[in-house]
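Participant: The structure follows.
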Amino acid sequence: MDAQASIDLLYWRNVKQSGAVFSSVLLLLFSLTQFSVVSVGAYLALAALSATISFRIYKSVLQAVQKTDEGHPFKAYLEMEIALSQDQISKYADKVLLYTNTCMKELRRLFLVQDLVDSLKFAVLMWLLTYVGALFNGLTLLILGEYLHLTFSFCFQAQIDQYVGLIRTQVNSVVGK
């Protein structure tokens, strides 16, 4: 999925697709609040496996009844190349390295009190997060965040676009694109 497709998904330009994605994400997050990650992963794998086995059997029976020779229904996907090239891995590893180094430098600066005011701001933020953490678990926060995102994206789309553009130009100027 490229960046434009992700932006279209987040801005609900295709309502059916965005609704399906965010509904499934919300269902997944709700499932994770009720069950363990291992259980949810196992049930999702079983559901996917059940669907593909059922479809394969259905197509095999249909081919036998109609006496056609269509072949394996997932043949195109089985023959598709899914390996990452060395260039792709190198590009993504370089980006991860850049973000990790930037984060480590910033955390070092904050924890070793290079600037007292910034470190105090960070301390206040961490102190506030302890209260938020006491009230909500992480999955509840993700569910609330998704709800707020959907609400604000419908109500304030023009303003969001403007600020996202400003943030993007700032990030690109810092990263050096």
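Participant: Comparing 132, 164, 65, which has the greatest mean-square fluctuation in the GNM of the chain with Cα pairs linked when under 10 Å apart?
Facilitator: Of 132, 164, 65, the Gaussian network model singles out 65 as fluctuating most.
Participant: In addition: At 0.36 nm per residue, minus the direct Cα-Cα distance, what do residue 38 and residue 93 gain on full extension? Give it in nm, one decimal, please.
Facilitator: Stretched fully, the residue 38-residue 93 segment lengthens by 17.0 nm.
Participant: Further question on the same structure: Starting from the Cα of residue 58, step 7 Å along the direction of its Cβ; do the same at residue 9; then give the gap between the two resulting points in nm.
Facilitator: Label-label distance for residue 58 and residue 9, simple model: 2.4 nm.
Participant: On a straight-distance basis, which lysines could pair with residue 105 in a cross-link, Cα separation under 25 angstrom, same-chain partners fewer than 8 positions away excluded?
Facilitator: Partners found: 91, 95, 121, 177.
Participant: Charges on Cβ only, +1 for Lys and Arg, -1 for Asp and Glu, centred on the Cα centroid of segment 1-122; of 5, 122, 32, which one is farthest towards the dipole's positive end?
Facilitator: Sorting the options by dipole projection puts first 32.
Participant: Mind ranking 154, 22 by accessible surface for me, highest first, 1.4 Å probe?
Facilitator: Greatest to least solvent exposure: 154, 22.
Participant: To make sure I understand the rule: partners must be lysines, Cα under 21 Å from the Cα of residue 75, and not fewer than 8 residues away in the same chain. Which ones qualify?
Facilitator: 59, 67
Participant: Rounded to the nearest percent, how much of the accessible area of the chain (1.4 Å probe, protein heavy atoms only) is carbon and sulfur?
Facilitator: 69 percent
Participant: Cα-based Rg (one decimal) and Dmax (whole number) for the chain, in Å?
Facilitator: Answer for the chain, Rg first and Dmax second: 23.2, 78 Å.
Participant: Test of understanding: in a Gaussian network model of the chain with alpha carbons linked when under 10 Å, which of 45, 64, 158 would top the mean-square fluctuation ranking?
Facilitator: Sorting by GNM fluctuation, first place goes to 64.
Participant: What is the extension gain from residue 112 to residue 173, computed as 0.36 nm multiplied by their sequence separation minus the C-alpha to C-alpha distance, in nm to one decimal?
Facilitator: Separation in residues times 0.36 nm, less the Cα-Cα distance, equals 19.3 nm.
Participant: Let me ask something additional. Report the full-extension gain for the segment residue 163 to residue 75: residue separation times 0.36 nm, less the Cα-Cα distance, to one decimal in nm.
Facilitator: Extending this stretch completely gives an extra 27.2 nm.
Participant: For the chain, modelled as a GNM with alpha-carbon contacts under 10 angstrom, which of 79, 106, 146 fluctuates the most?
Facilitator: Per the Cα network of the chain with a 10 Å cutoff, 79 tops the list.
Participant: Another question about this same structure. Just to confirm, what accessible area per residue do you get for the chain at 1.4 Å probe, in whole Å²?
Facilitator: Value for the chain: 81 Å² per residue.
Participant: Using Cα pairs closer than 8 Å and at least 6 residues apart in sequence, work out the relative contact order for the chain, in percent.
Facilitator: After rounding, I find 27 percent.
Participant: Using θ = phi - 60° and the Karplus curve 6.51 cos²θ - 1.76 cosθ + 1.60, what whole-Hz ³J(HN,Hα) does each residue of segment 149-161 get, with Gly and Pro shown as x?
Facilitator: 4, 5, 5, 5, 5, 6, 7, 10, 4, 5, 5, 5, 4
Participant: To continue, here is another question. Which value, in Å³ per residue, describes the convex hull spanned by the Cα atoms of segment 72-177?
Facilitator: Taking the convex hull of the Cα positions in segment 72-177, it is 231 Å³ per residue.
The values are calculated or read from the model by the stated rules, or taken from the named source; none is laboratory data. Since this is a predicted model, take the numbers as computed values, not measurements. Every residue, glycine among them, receives a Cβ derived from its backbone with ideal geometry; neighbour counts consider all protein chains shown. The accessibility values were calculated without ligands, DNA or RNA, using every heavy atom of the protein model including side chains. Shrake-Rupley method; radii C 1.70, N 1.55, O 1.52, S 1.80 Å.
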